[in-house]
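The next block holds one structure in the form of structure tokens; read it before the comments.
The values are calculated or read from the model by the stated rules, or taken from the named source; none is laboratory data. Model, not experiment: these values are computed from the prediction. Quick reminder, even Gly has a Cβ in these numbers, built from the backbone with ideal geometry, and neighbours come from all protein chains shown. Ligands, DNA and RNA are excluded from the accessible area calculation, which covers all protein heavy atoms including side chains. Shrake-Rupley method; radii C 1.70, N 1.55, O 1.52, S 1.80 Å.
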Amino acid sequence: MKQIYLYLVCLLCTVAAHAEKSPRAKAKKIAAVGTVQFKLNNSAPDTLHRDSVLIIFDRCDHTGAGVIYQVFYGDKDHNITIPVVPAGKYYVTIQCLGIHHDRLEKTVNIKSNKNETVKIALQDSEEFSKDKVVIPAYTPNFSDLAVLKMK
């Protein structure tokens, strides 16, 4: 009888050593994420074009390069909202790909369950049109050329 009990105890210890936690027993980690909104000061007139913006998030502690590397489109108010960004400090690279060709680099702190707003001032630019191109008239003055002057 002792052998049966000893066998059952050894079997129970072996099964307990190889057992995994059930899905209910695993601790759920609440992801620390925040939201970032980029407000573009877009002075170009609203026409049919929509500018696209490449945004790259790189962690400052060099543990997650290129956390977000994606092209975004601004809404009607020229805002770009990124809803799920892990909390932390980031180097953000912003490259405009439409009428504006601005490239900006900023440091942004994102806090858990907070909304961060970053204002970006874009340089003035215009859409290229053949009708707007003006080539000034130039008449060369041949007497000012160095080859024709004698000493």
Among the candidates GLY34, GLY98, which residue alone is under 26 Å from GLU116 (Cβ atoms), open to solvent by less than 90 Å² (accessible area, probe 1.4 Å), in contact with a Ser or Thr (Cβ under 9 Å, 6 or more places away or on another chain) and at pLDDT 85 or above? GLY34
Within the set of pairs 6+ apart or on separate chains, which have a first residue in the range 61-80 that is on the phi > 0 side of the Ramachandran plot, a second that is modelled with pLDDT under 75 and open to solvent by 30 Å² or more (accessible area, probe 1.4 Å), and C-beta atoms under 6 Å apart? HIS78/ASN42
Which is open to solvent by less than 100 Å² (accessible area, probe 1.4 Å) and either at pLDDT 85 or above or within 22 Å of ASP51 (Cα to Cα) (or both), of SER143, SER129? SER129
Here the residues within the range 71-95 that are open to solvent by 80 Å² or more (accessible area, probe 1.4 Å), of a type outside the set (Phe, Trp, Tyr) and within 28 Å of ASP61 (Cβ to Cβ) are PRO83, VAL84, LYS89
Any idea how many residues of the range 37-70 are at pLDDT below 80, open to solvent by 60 Å² or more (accessible area, probe 1.4 Å) and outside any strand (DSSP E or B)? 9
Which condition does TYR90 not pass, out of (1) at pLDDT below 85; (2) under 17 Å from THR35 (Cα atoms); (3) of a type in the set (Phe, Trp, Tyr), if it passes all the others? (1)
